[in-house]
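Reading through the structure tokens given below for one structure.
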Amino acid sequence: MSPSQNKVLVVGMDGLRFDRLQAVGAPVLAELMASGAYGTSMLPYGEAGTPRTESPGEVVPKASEPAAGGRVIRSRTDSGPGWSSIATGAWPDKHGVVDNSFTAPQFQKFPDFLSRAKKARPELNTAAFFSWAALAEHGAFGPAVDHRFVLDGYAIGWAEADRQVAAAAERHLSETDPDAVFVYLGDTDEVAHDLGPHCPEYTAALQSQDAYLGRLLDTVRARPSYARERWTVLITTDHGHVDEGGHGGVSEEERTVFVIANRLGERLARRSLAGPRLVDVAPTVLASLGLAVDSAWNLDGAPLGL
């Protein structure tokens, strides 16, 4: 019997507070946690004493003076730094994205995991789907990615953009032979900015994204070649929100993030992940594809022991 084909699906849900995920009910995510592994950690950055980001993509000035002692990562707990850390496996002081302006990114030095996979094995089929266009426009997921589907949530509405992104990703998983796929969904963040993460609208946005995730997984399981494939699924977020909505600072609510890991059809040996960090996602993707992480890359993350 030939070895299984290793494939990876990463789904990012922007501004998703893990405590709200646990509280409101998201059956697909709950099942992935029950049959997989998960954990939370605290972002090692945040800007105290500056205004909070109050809408997706807003650029808020950083504080001017760094703290003293040790490695100090000067960055807001914003989407730009969060998703860039997920994509690259490095923290903001390396990849250069410290707020939503993407002023001085270092994506040539620290490329995203899809681009690294493509460079290591050009035959791999890579794809990325976004409802936040900035991730494509500024190169957080670069032009080496085979297929990029980009919508502007500001222009058509975040709920509608997420719906279209999920549908496009579903078609891609069904009709092509992808090896590594990233899907970004943003309505949870938009709603939290407007109304906070405790409102019924936030619950509805999360449950919609959970349903989209379920359809993606059903599509994977329905692939004619699924029996010969080994799918690793990773779910994560970029930051949290304060109760009234907004982020950028140093509170536990803003800095708490999570990673959920699952191998479809398998029971992971580990049921919990000890402090999984955003920077661990990229090395885990590469390891799941059978690709070695080169120490010369100077990444901050390491593969999660799945």
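The values are calculated or read from the model by the stated rules, or taken from the named source; none is laboratory data. In this text the structure is predicted, and so the values were computed from the model without any measurement. We place every Cβ from the backbone using ideal geometry, glycine too, and count neighbours over all the protein chains shown. Calculation scope for accessible area: heavy atoms of the full protein, side chains included, ligands and nucleic acids excluded. Shrake-Rupley method; radii C 1.70, N 1.55, O 1.52, S 1.80 Å.
Summary table below
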item	result
Amide H within-cut-off set for GLU229, under 5 Å, with H built and near neighbours excluded	GLN5
Label-point separation, ARG267 to GLU31 (7 Å along Cα→Cβ), nm	1.8
Gaussian network model of the chain, Cα within-10 Å springs - most flexible of VAL98, VAL28, VAL279	VAL28
Among ALA296, ALA117, ALA104: highest mean-square fluctuation, GNM of the chain, C-alpha pairs under 10 Å	ALA296
Whether the stretch 7-140 is rounded, prolate or oblate, judged on the alpha carbon gyration tensor where a/c under 1.5 counts as rounded	oblate
Cα centroid of the stretch 33-48 to Cα centroid of the stretch 238-300, whole Å	6
For the stretch 197-241, accessible area per residue (1.4 Å probe, heavy atoms of protein chains only), Å²	36
The chain: most fluctuating residue of PRO276, PRO105, PRO27 per GNM, C-alpha cutoff 10 Å	PRO27
Cα shape, the stretch 213-300, gyration tensor, a/c 1.5 rule	oblate
Karplus-derived HN-Hα couplings along the stretch 154-169 (A = 6.51, B = -1.76, C = 1.60, θ = phi - 60°), whole Hz, x at Gly and Pro	5, 7, 10, x, 5, 4, 5, 4, 4, 4, 5, 4, 4, 5, 5, 5
Value of relative contact order over the stretch 94-134, rounded to a whole percent, pairs C-alpha under 8 Å and six or more apart	24
Rounded if a/c under 1.5, otherwise prolate or oblate - the stretch 90-164, Cα gyration tensor axes	oblate
Hz values of 3J(HN,Hα) by residue in the stretch 28-36 - Karplus curve (6.51, -1.76, 1.60), Gly and Pro given as x	5, 4, 4, 5, 4, 5, 5, 9, x
Sites THR40 and LYS119 - FRET efficiency at Förster radius 45 Å, r taken between beta-carbons, to 0.05	0.90
Cβ-derived FRET efficiency at R0 22 Å, ASP294 paired with THR103, nearest 0.05	0.20
